[in-house]
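Student: Below you will find the structure I want to go over with you.
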Amino acid sequence: TRAGIAGLIGSRPEEIILTSGATDSLNTILLGTLLEGDHIIISPFEHNSVTRPLNYLVRNHGVTFTRLDGSLDGGIDPGEIEKKIRDKTRICLINHISNAFGIVAPLPEIGKVLRKHKDIIFVVDGAQSLGTYPIDVEEMEIDLLAFSGHKGLLGPTGTGGFYIRERLIDRVNPLKYGGTGIRSLDPVMINEIPHKYEVGTMNSWGIAGLLAGVTYIRERGVSSIHRHIEELTRRAAEGISRINSITTYIPSPEIHHSVISFNLGELRPRETASLLDKIFNIKVRDGLHCSPDAHRAVGTAPLGTVRASFGALNTKDDVDYLCEALSELAESFKEVTSNQ
């Protein structure tokens, strides 16, 4: 499993740490690295798996953070990062693809900016991208990459991990200590990867399931999957945008991947999602998607949006069915409002 994931991102297998998911990984990275007085830069589209640990560190350990500006159309500007760097900046953490709006961050350009600052660790939240979007940690100059197993990698829930550049293991402390199954006479945790960050009995069944997903991804090819999902995303964006009564929140095509956010008329997102589920058996997500800052940046807080997301196993027929269902709902909504 390590070797398979390493092959997807251009790392060595021992640099892949297996955890219960991206949230577990991000907590280890943030709480295990940042110290009193440290500063971190984040994107405006971060998930609560980043902002909640950070707010804990702000309140209890004197950490500070700066949130970059961003927009639905333009995403984030890598040049702005340089302006936000302080003497105490230790991490720049960027969400590769927004789970709420599908906004893609320019990782190669950000990596080039940060390489001028050797002491700043470039951390990427790849929960929404690994397995569906090409990533090369060397070309993009990524130092740590958190990932989820149950999304683009097609593994079970409760799986995931993070990539760590080996030279950084002395800067990132584990959050858990205990048995590793080897070198039991050592009184402290083994300062080697992956053992330093993997403690206790591992989720072997889940990891086996993750291997099955990773094997499929590698056989089909990330680039092929990426093109397939981009085609589905464009098809959905075009189809949904033509429907009256629907407001879409769609990034520019060059920075858009895998997610369409929208609202239908005056219906609350939950009501639209419930209708799609009960009438058409279409499963979508409604609300803030655990990413309230992204919705504040786009202007869809506090209720959020309906989110349709597309993966490797979705088809054009799935997209067309979604568009037909939304068109039917929009027509029904129009009739109801005209009779009021």
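Student: When a/c is below 1.5 the answer is rounded, else prolate if a/b is larger than b/c, else oblate, so apply that to region 147-204 with a ≥ b ≥ c taken from the square roots of the Cα gyration tensor eigenvalues.
Tutor: The shape class here is oblate.
Student: Using a 1.4 Å probe over the heavy atoms of the protein chains, calculate the carbon and sulfur portion of the accessible area of the chain as a whole percent.
Tutor: The C+S portion of the solvent-accessible surface of the chain is 49 percent.
Student: If you take Rg and Dmax of the Cα atoms in Å from the coordinates, which of [x] 20.9, 78; [y] 22.4, 94; [z] 23.8, 78 do you get?
Tutor: [x]
Student: Give the accessible surface of region 193-340 per residue, rounded to a whole number of Å², with probe radius 1.4 Å and ligands, DNA and RNA excluded.
Tutor: Result: 52 Å² per residue.
Student: What stretch of the chain, leaving out the sites themselves, is the longest with no GluC sites (Glu not before Pro) in a DSSP loop having at most 16 other Cβ atoms within 10 Å?
Tutor: Of all site-free stretches, the longest is 37-137.
Student: Specify the residue with the greatest mean-square fluctuation among Lys151, Lys84, Lys118, computed from a Gaussian network of the chain linking alpha-carbon atoms under 10 Å apart.
Tutor: Maximum among the listed residues: Lys118.
Student: Now for a different question. Nearest 5 is fine: what % of DSSP beta bridges in the chain come out antiparallel, could you say?
Tutor: Beta bridges within the chain, antiparallel portion: roughly 60 percent.
Student: So with the 1.4 Å probe, I'd like the accessible area per residue for region 55-139, rounded to whole Å².
Tutor: 42
Student: Can you list which of the trypsin sites (Lys or Arg not before Pro) found in region 280-312 are DSSP loop residues with at most 12 other C-beta atoms within 10 Å?
Tutor: Lys283
Student: Taking the chain as a Gaussian network, Cα atoms linked when under 10 Å apart, which of Ile120, Ile229, Ile142 shows the biggest mean-square fluctuation?
Tutor: Ile120
Student: Given the DSSP H assignment, sum -39500 (n - 2.57) over each helix run of at least 4 residues in the chain and divide by its residue total; what's the result at 222 nm in deg cm²/dmol, nearest 500?
Tutor: The helix-only estimate for the chain comes to -12000 deg cm²/dmol at 222 nm.
Student: For the cross-link pairs Lys118/Lys176; Lys112/Lys196; Lys151/Lys316, which exceed 24 Å when the distance is taken from alpha carbon to alpha carbon?
Tutor: Beyond 24 Å between Cα atoms: Lys118/Lys176; Lys112/Lys196.
Student: Right, next: Let me know the shape class of region 1-121, please: from the alpha-carbon gyration tensor, a ≥ b ≥ c as square roots of the eigenvalues, rounded when a/c is under 1.5, otherwise prolate if a/b is greater than b/c, or oblate.
Tutor: rounded
The values are calculated or read from the model by the stated rules, or taken from the named source; none is laboratory data. Keep in mind it's a predicted model, so treat the numbers as computed, not measured. When we count neighbours, we look across all protein chains shown, and the Cβ atoms used for this are built from the backbone with ideal geometry, even at glycine. SASA here: full protein model, heavy atoms, side chains in, ligands and nucleic acids out. Shrake-Rupley method; radii C 1.70, N 1.55, O 1.52, S 1.80 Å.
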